[in-house]
1. Going through A:4, A:11 one at a time, which residue ends up being over 25 Å from residue A:103 (Cβ atoms), surrounded by 13 or more Cβ atoms within 10 Å (Cβ to Cβ), touching a residue at least 60 places away in the same chain (Cβ under 8 Å) and β-branched (Val, Ile, Thr)?
2. Within region B:1-32, track down each residue that is outside any strand (DSSP E or B) and either loosely packed, with under 14 Cβ neighbours inside 10 Å or among the charged types (D, E, K, R) (or both).
3. Return the residues of region A:59-75 that are more than 10 Å from chain B (Cβ to nearest Cβ) and surrounded by fewer than 18 Cβ atoms within 10 Å (Cβ to Cβ); say none if nothing qualifies.
4. Restricting attention to region B:33-72, which residues are hydroxyl-bearing (Ser, Thr, Tyr) and either within 14 Å of chain A (Cβ to nearest Cβ) or part of a loop (DSSP other than H, G, I, E, B) (or both)?
5. If we keep just the residues of region B:86-100 that are facing chain A (nearest Cβ under 10 Å) and surrounded by fewer than 21 Cβ atoms within 10 Å (Cβ to Cβ), which is farthest from residue A:50 (Cα to Cα)?
6. Of all residues in region A:28-45 being surrounded by fewer than 18 Cβ atoms within 10 Å (Cβ to Cβ) and within 14 Å of chain B (Cβ to nearest Cβ), which is nearest to the chain's Cα centre (by Cα)?
7. What pairs come out if I take residues in region A:35-53 that are closer than 12 Å to residue A:95 by Cα and pair them with residues that are surrounded by fewer than 13 Cβ atoms within 10 Å (Cβ to Cβ) and at pLDDT below 90 whose C-beta lies under 9 Å away, six or more apart or interchain?
Amino acid sequence: GAVVSQHPSRVICKSGTSVKIECRSLDFQATTMFWYRQFPKQSLMLMATSNEGSKATYEQGVEKDKFLINHASLTLSTLTVTSAHPEDSSFYICSARDLGALTDTQYFGPGTRLTVL
Amino acid sequence: EDQVTQSPEALRLQEGESSSLNCSYTVSGLRGLFWYRQDPGKGPEFLFTLYSAGEEKEKERLKATLTKKESFLHITAPKPEDSATYLCAVITGSNYKLTFGKGTLLTVNP
C-alpha cells in the first residue's frame, strides 16, 4: 500500500515552454500533497504544500506564478512549471500524506527529471 | 529555526560490517522523526517513523532509535544492496511539513 506515482518520469523541453507534472496517490486519499525539488547531491527542498480544494501554500522564495499547483481531487495534484528556463532544470518529487492513516508519514513519488534546453 | 544534521556525510563499509548513522535535531516541539532511503534518480522510500524518546523500530537489517536530541539508524551486517543515501527528516508543526537533513551516502562493498 501507500503508493504514489508521478508522470512523466523524464521530460525535456525548450526554454519558454510550460511543463505539467502529475502526482497521484494510487491506493489512498490525500488532502495534502507536497512538492519538492532536489538538485544534484543535495537534499530535498520543499517548494509548496498542495491542499485539495484550496490554494497551495508556497515556501519563501518560490514564485507561485511560475510554479502553478492544482489539487483538484483527493488523489491528484499537478505542478506546472510555466515559461521554463534552464535554471528550472531539476528533479521534482511529490509526496502525499495518507488521510486515513494514524501516522504523519509522507510517501514519495518516484520523481520527475526536468531538463530545460 | 528547525535544524536537522546528519553524520557522517558518507560512509563506506565492507559487507557484514555493522555501523550506525546519526541524525541530530534542534527543533521546537518534535511531532515525528522519519527515516527514508533514496537510491540515485528515485524518490525517497519510507523506512521508519519515530514519535517519542525511547522508541525503536526494526526492519530486516535496519533498526532506528530515538532520544530527545538525536536518532540513530543501525545497520547490522549490511549487504551491497543496502547502498543508498539515507535521509532523516522531522515534522514539528501541525502543517506536516518535513525538514530534511542532508543525508548520509552509504556504500557497502562486497
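1. A:11
2. Within region B:1-32, B:1, B:2, B:8, B:9, B:15, B:16, B:17, B:18, B:28, B:29, B:31 meet the criteria.
3. Across region A:59-75, the qualifying residues are A:60, A:61, A:62, A:63, A:64, A:65, A:66, A:68, A:70, A:72, A:73, A:74.
4. B:36, B:49, B:51, B:52, B:67 - these are the residues of region B:33-72 that are hydroxyl-bearing (Ser, Thr, Tyr) and either within 14 Å of chain A (Cβ to nearest Cβ) or part of a loop (DSSP other than H, G, I, E, B) (or both).
5. Kept after step one, since they are facing chain A (nearest Cβ under 10 Å), are these residues of region B:86-100: B:87-89, B:91, B:94-100.
Now drop any that are not surrounded by fewer than 21 Cβ atoms within 10 Å (Cβ to Cβ), which leaves B:94-97, B:99.
Details: B:94: 15, B:95: 11, B:96: 12, B:97: 11, B:99: 16 Å.
Residue satisfying both the conditions and the ranking: B:99.
6. Ranking the candidates gives A:45 first.
7. A:49/B:95
Conditions (1) part of a strand (DSSP E or B); (2) surrounded by fewer than 16 Cβ atoms within 10 Å (Cβ to Cβ); (3) more than 13 Å from every other protein chain (Cβ to nearest Cβ), marked per residue:
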{"site": "A:79", "(1), (2), (3)": "yes, no, yes"}
{"site": "A:84", "(1), (2), (3)": "no, no, yes"}
{"site": "A:87", "(1), (2), (3)": "no, yes, yes"}
{"site": "A:93", "(1), (2), (3)": "yes, no, no"}
{"site": "A:96", "(1), (2), (3)": "yes, no, no"}
{"site": "A:100", "(1), (2), (3)": "no, yes, yes"}
{"site": "A:103", "(1), (2), (3)": "no, yes, no"}
{"site": "A:107", "(1), (2), (3)": "yes, no, no"}
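The values are calculated or read from the model by the stated rules, or taken from the named source; none is laboratory data. None of the values given here were measured: they were computed from a predicted structure. No Cβ is skipped: glycine too gets one built from the backbone with ideal geometry, and neighbour counts run over all protein chains shown.
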